[in-house]
1. With respect to the numbered conditions (1) touching a Phe, Trp or Tyr at 6+ places or on another chain (Cβ under 7 Å); (2) β-branched (Val, Ile, Thr); (3) part of a helix (DSSP H, G or I), which one is the sole condition not fulfilled by ILE85?
2. Which of the residues that make up region 310-327 are modelled with pLDDT of 80 or more and crowded, with 16+ Cβ neighbours inside 10 Å?
3. Please return the ranges of helices (runs of 4 or more DSSP H) entirely within region 108-181 where 3 or more residues are touching a residue at least 24 places away in the same chain (Cβ under 8 Å), small (Gly, Ala, Ser) and closer than 16 Å to ALA239 by Cβ.
4. Test SER90 against the stated conditions and say whether it is outside any helix (DSSP H, G or I), buried (at least 24 other Cβ atoms within 10 Å of the Cβ) and not aliphatic (A, V, I, L, M).
5. Among residues belonging to region 251-269 that are without any contact (Cβ under 8 Å) to a residue 60 or more places away in the chain and part of a helix (DSSP H, G or I), point out the one that is surrounded by the fewest Cβ atoms within 10 Å (Cβ to Cβ).
6. Just wondering, is there one or more residues in region 55-72 that are modelled with pLDDT under 90 and not in a helix (DSSP H, G or I)?
7. Within region 277-333, can you find the residues that are among the small types (Gly, Ala, Ser), out of contact with any Pro (no Cβ under 9 Å at 6 or more places or on another chain) and part of a helix (DSSP H, G or I)?
8. Out of all the residues in region 229-246, is one or more more than 18 Å from MET87 (Cβ to Cβ), modelled with pLDDT of 95 or more and in a loop (DSSP other than H, G, I, E, B)?
Amino acid sequence: MSTISSKPKKTGFLSGYRPTPQFVRAVDLAGQWAAPIMIVIVMLVAAIFAPAFFNPANLRTVSIQVAVLGVVAIGQTLVLLTRSIDMSVSAVLALGAVIVVQTEAGNSIVVSLIQAFTIAAIIGLANGLLVAKRHVPPFVATFGMLVFVQGARLAYTKGQASGTVPELLRAISIKPLGPIPAALAVWLIVNLIVIFILRFTRFGRWIYAVGGNPGAARYAGINVDWVLIGAHIACSILAILGGLLLSGYIGYVDLRMGTDYNMNSIAAAVVGGTTFTGGRGNMFGTAAGVILLIMLLNLVVVLGLPIHWQYAMQGTVLVLATALQGFRQFLLSR
């Protein structure tokens, strides 16, 4: 009498592969340290082929660009840690700058900033509610918000942003604070605050718990929905802050402002070790990913290559980082 196994045989590519613990550990370390290692390599390449990269004026530009992307990437990392994503950060970033520039003529800068951050919180709340309460896929919900915010911005400005960037924003972005630009100091302060929250507060532990296993987090008594909503609110607020720093740096606002920050913030976080599956990642890794990405983009300019090479560089970094993190997750699951 033949017997039928109740357990179907696993089929598929690498279905029977069992990696050694040493190999898994090596790939895991590579995922964690890929960005710092690549930073060293890029610096060596720059020293040989583009010594102008280390010109003080260029390093100052790089540091301000790191600060702007770094602030936005911190928020993106928070939502990625909860297994979500925010595709609206570029639109929110530009909207914040427009609000301050357009209203500063009639209001004080304090009132304009309050308006900008309040609108950011409302946008983040809407994203979070769509994802957590209505169970809309994060990509769809936040991409829809991207379209809505862009349309609202065009309607508000009648298709042409205008106005003068307040001197306060110019000072915060480009004025030196000791040996570094003030914008870089803002990024470092925000980093320290978020690192403290993630490491030493209950909400920080909840973020990792929700991203690691939402079901288990719910059974443990964690309000998963409000953790998701909180992460999205923080992401939108940080996107607004990034927009204020960017407008202060460039000195004006235009319709294409911040268009690359969706992909760049995601790429920086993933290169730094944050995974799309949630629960893994930290701000140190994201900071390294931000520095690496900005260095690569700046190196294209210093080498005199066509500007479209920046887009190729962005896509290559994101694809390679995603592939590495995906392979890392596969090995850890085995």
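The values are calculated or read from the model by the stated rules, or taken from the named source; none is laboratory data. Bear in mind that the values here come from a model prediction, so they are computed numbers and not experimental data. Don't worry about glycine lacking a Cβ; one is built from the backbone with ideal geometry, like all the others, and counts go over all protein chains shown.
1. Going through the list (1) touching a Phe, Trp or Tyr at 6+ places or on another chain (Cβ under 7 Å); (2) β-branched (Val, Ile, Thr); (3) part of a helix (DSSP H, G or I), ILE85 breaks only (3).
2. Scanning region 310-327 gives no hits.
3. Details: elements: 109-132, 138-157, 167-174.
Fully inside region 108-181 and qualifying: 109-132.
4. Details: outside any helix (DSSP H, G or I): no; buried (at least 24 other Cβ atoms within 10 Å of the Cβ): yes; not aliphatic (A, V, I, L, M): yes.
Judged against the criteria, SER90 is not a match.
5. Filtering region 251-269 for residues without any contact (Cβ under 8 Å) to a residue 60 or more places away in the chain gives 256, 263, 267.
Now drop any that are not part of a helix (DSSP H, G or I), which leaves 263, 267.
Values: MET263: 17, ALA267: 28.
Out of the qualifying residues, it is MET263.
6. Looking through region 55-72, none of the residues is modelled with pLDDT under 90 and not in a helix (DSSP H, G or I).
7. So the first thing to find is which residues in region 277-333 are among the small types (Gly, Ala, Ser), and the list is 278-279, 281, 285, 287-289, 304, 312, 315, 321, 323, 326, 333.
The next check asks that each one be out of contact with any Pro (no Cβ under 9 Å at 6 or more places or on another chain); those that pass are 279, 281, 287, 289, 304, 312, 315, 321, 323, 326, 333.
Those that are among the small types (Gly, Ala, Ser), out of contact with any Pro (no Cβ under 9 Å at 6 or more places or on another chain) and part of a helix (DSSP H, G or I): ALA287, GLY289, ALA312, GLY315, ALA321, ALA323, GLY326, SER333.
8. Looking for residues that are more than 18 Å from MET87 (Cβ to Cβ), modelled with pLDDT of 95 or more and in a loop (DSSP other than H, G, I, E, B), one finds none in region 229-246, hence no.
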